[in-house]
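Just below is one structure, and these are the notes that go with it.
The values are calculated or read from the model by the stated rules, or taken from the named source; none is laboratory data. Quantities reported herein were computed from a predicted structural model and do not represent experimental measurements. Note that each Cβ is placed from the backbone with ideal geometry, even for glycine, and that neighbours are counted across all protein chains shown.
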Amino acid sequence: MKYISTRGNSPALSFSDILLGGLAPDGGLYMPKSYPQLGNPELKAMRGMDYRDLAFAVLSLFMDDIPAEDLRDIIDKTYTSEIFGFACEGQSSDDITPVFMLEKNLHLLSLSNGPTLAFKDMAMQLLGNLFEYVLAKRGETTNILGATSGDTGSSAEYAMRGKKGIRVFMLSPKGKMSRFQTAQMYSLKDKNIFNIAVNGVFDDCQDIVKAVSNDAKFKKAYKIGAVNSINWARVAAQVVYYFKGYFAVTKNNGEQVDFAVPSGNFGNVCAGHVARMMGLPIRHLVVATNENDVLDEFFKTGVYRPRDSAHTFHTSSPSMDISKASNFERFVFDLVGHDAAKMRELWGSVDIGGEFDLEGLMKKVAAYGFVSGSSNHEDRMKTIRDTYEKYGVAIDPHTADGLKVALEQLDPNVPMLVLETALPLKFEDAIKEALDVVPGRPKSLQGLEKLPQRCEVMDVDAEAVKKFIVSHT
């Protein structure tokens with residue numbers, strides 16, 4: 001399989017070649033030239049597979065330049081009950097992504113049983129093993145540069161800590177993550193992990209990553225790689241659990257399902273779009289935003305209007321405090337029929353702070369199954385309370401955004417799976433406000449926020465970040 005850039009000015013490459021690079025040289029995102037197609041025979045064969053077998057069946061289609069035996073070993077090493085063993089109460093960790101039924105045709109797809117208690121582990125643990133494998137094969141090293149609004153950073157650092165040939169430089173918005181998220185990252189002592197707290201919002205961090213990655217000379221000299229969802233491997237790994245969730249709530253492949261996805265950078269729901277394009281019978285992909293509702297605005301009006309830092313809200317679902325959704329570019333690439341010239345025109349406007357209007361393509365947007373809604377602080381507090389009182393289940397504020405919007409779109413005759421994004425103990429302040437209780441945590445995580453923390457504080461300055469990378473390489 002070959003991968004092409006959404007901007008059209010980069011050569012087609014194999015999976016291993018795009019794995020280490022992140023952004024394409026022309027500033028675009030890599031996409032498969034075409035999606036693998038799965039019909040009823042293939043879906044029938046997948047039904048009943050455990051997570052590792054299902055992951056191999058899906059990922060071998062996208063990673064076909066890695067020998068099958070090696071890919072199988074990487075997957076088997078990644079998806080174990082030991083690594084994904086922090087199971088929700090009453091559920092088996094052996095299932096990796098257990099489904100919890102709230103009521104008939106309303107389910108939570110549990111994705112947060114990994115090392116950092118967030119769905120990002122599902123892809124990031126695989127990415128860490130893929131990076132180490134490819135680097136060893138090539139005798140190379142890499143400096144990973146990433147940005148996080150909360151969970152990506154800790155997930156990446158826990159996946160890459162101690163890995164041979166890998167350094168991680170992670171940018172995060174200073175003071176805008178939960179105390180737990182901050183402590184997870186800043187308390188790590190591994191010599192290959194470097195945290196940089198940026199005086200800004202997540203979009204500023206993401207802009208710095210893109211600016212550094214777009215400096216081709218620097219990127220080559222310092223072997224800059226990416227673990228954000230701009231890296232196609234992240235999206236591909238997330239495709240797997242859509243298949244797993246579908247099979248868990250259906251009896252045959254003639255049934256359709258809906259997925260509700262809390263959305264900030266669009267990577268999680270983009271994986272659902274890919275699964276649907278491959279042939280998984282998804283009826284609706286429900287995009288749920290918080291007060292930073294740029295995506296909801298697009299799916300209702302066709303206008304994509306990213307906001308600047310001053311107009312990006314700091315909310316009680318902070319991992320979704322994003323106003324420039326990187327992976328949205330991948331969906332629009334499909335929407336405009338892989339017209340790279342059109343993509344350069346659209347993102348040329350976005351890159352200078354502008355917007356674009358695709359109102360004329362809204363029928364096509366609907367045909368892809370997308371619907372949307374938004375949630376605010378009052379909504380998510382109410383949803384957390386209602387879910388606990390009605391079902392006895394505590395959910396985190398991001399999952400609450402997803403569930404709130406899911407309930408607005410619920411069809412009693414079609415299964416709805418809400419993608420859980422993190423365990424509630426990561427957001428103690430929000431849970432305390434909603435339920436007047438502090439979520440319990442295991443002994444291994446008690447006192448995490450009191451551990452010594454280390455990070456470098458910087459202004460929004462790509463050149464300063466470059467200098468920091470140079471001095472620590």
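Select from segment 247-267 the residues that are under 19 Å from the mean Cα position of the chain (by Cα) and within 18 Å of PHE100 (Cβ to Cβ) and write down the one among them that is surrounded by the fewest Cβ atoms within 10 Å (Cβ to Cβ).
Ranking the candidates gives ASP258 first.
Among the candidates PHE100, PHE56, single out the residue that is of a type in the set (A, V, I, L, M, F, W, C) and either touching a residue at least 40 places away in the same chain (Cβ under 8 Å) or closer than 27 Å to THR141 by Cβ (or both).
PHE100
Within segment 92-148, take every residue that is acidic (Asp, Glu) and either in contact with a Lys or Arg (Cβ under 8 Å, 6 or more places away or on another chain) or in a helix (DSSP H, G or I) (or both) and give me the one that is surrounded by the most Cβ atoms within 10 Å (Cβ to Cβ).
ASP121
Hey, does segment 149-156 have a residue that's surrounded by 24 or more Cβ atoms within 10 Å (Cβ to Cβ), closer than 25 Å to ASP50 by Cβ and touching a strand residue (DSSP E or B) at 6+ places or on another chain (Cβ under 7 Å)?
The answer is yes; a qualifying residue exists.
Given LYS443, LYS426, which one is surrounded by fewer than 16 Cβ atoms within 10 Å (Cβ to Cβ), basic (Lys, Arg) and modelled with pLDDT under 95?
LYS443
Among (1) surrounded by fewer than 24 Cβ atoms within 10 Å (Cβ to Cβ); (2) assigned to a helix (DSSP H, G or I), there is one condition GLY162 misses while meeting the rest; what is its number?
Going through (1) surrounded by fewer than 24 Cβ atoms within 10 Å (Cβ to Cβ); (2) assigned to a helix (DSSP H, G or I) one by one, GLY162 breaks only (2).
Specify which of the listed residues (PHE468, PHE427) is touching a His at 6+ places or on another chain (Cβ under 9 Å), part of a helix (DSSP H, G or I) and either of a type outside the set (Gly, Ala, Ser) or touching a residue at least 12 places away in the same chain (Cβ under 8 Å) (or both).
PHE427 is the lone residue from the list that is touching a His at 6+ places or on another chain (Cβ under 9 Å), part of a helix (DSSP H, G or I) and either of a type outside the set (Gly, Ala, Ser) or touching a residue at least 12 places away in the same chain (Cβ under 8 Å) (or both).
Per-residue answers, yes or no, for (1) assigned to a loop (DSSP other than H, G, I, E, B); (2) closer than 24 Å to SER155 by Cβ; (3) at pLDDT 95 or above:
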| site | (1), (2), (3) |
| --- | --- |
| PHE247 | no, no, yes |
| LYS251 | yes, no, yes |
| VAL261 | no, yes, yes |
| ASN268 | no, yes, yes |
| ARG276 | no, no, yes |
| LEU285 | no, yes, yes |
| ALA288 | no, yes, yes |
| ASN292 | yes, yes, yes |
| PHE313 | yes, yes, no |
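Test ALA288 against the stated conditions and say whether it is among the hydrophobic types (A, V, I, L, M, F, W, C), touching a Lys or Arg at 6+ places or on another chain (Cβ under 9 Å) and surrounded by fewer than 21 Cβ atoms within 10 Å (Cβ to Cβ).
It is false that ALA288 is among the hydrophobic types (A, V, I, L, M, F, W, C), touching a Lys or Arg at 6+ places or on another chain (Cβ under 9 Å) and surrounded by fewer than 21 Cβ atoms within 10 Å (Cβ to Cβ).
Which of the residues spanning segment 44-66 are farther than 17 Å from ALA236 by Cα and assigned to a loop (DSSP other than H, G, I, E, B)?
Result: ARG47, GLY48, MET49, ASP50.
Identify, please: which residue in segment 318-364 is modelled with pLDDT under 95 and touching a His at 6+ places or on another chain (Cβ under 8 Å) and is, among those, surrounded by the fewest Cβ atoms within 10 Å (Cβ to Cβ)?
Taking the candidates together, the pick is SER323.
Residues checked against (1) in contact (Cβ under 8 Å) with a residue 24 or more places away in the chain; (2) in contact with a Gly (Cβ under 9 Å, 6 or more places away or on another chain); (3) assigned to a helix (DSSP H, G or I); (4) surrounded by fewer than 20 Cβ atoms within 10 Å (Cβ to Cβ):
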position: PHE169; (1), (2), (3), (4): yes, yes, no, no
position: LYS176; (1), (2), (3), (4): yes, yes, no, no
position: LEU188; (1), (2), (3), (4): yes, no, no, no
position: ILE196; (1), (2), (3), (4): yes, no, no, no
position: PHE218; (1), (2), (3), (4): yes, no, yes, yes
position: VAL227; (1), (2), (3), (4): yes, yes, no, no
position: GLN238; (1), (2), (3), (4): yes, yes, yes, no
position: LYS244; (1), (2), (3), (4): yes, no, yes, no
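Just one of (1) outside any helix (DSSP H, G or I); (2) of a type outside the set (Ser, Thr, Tyr); (3) out of contact with any helix residue (DSSP H, G or I) (no Cβ under 8 Å at 6 or more places or on another chain) trips up GLN453, so point out which.
The one condition GLN453 does not meet is (3).
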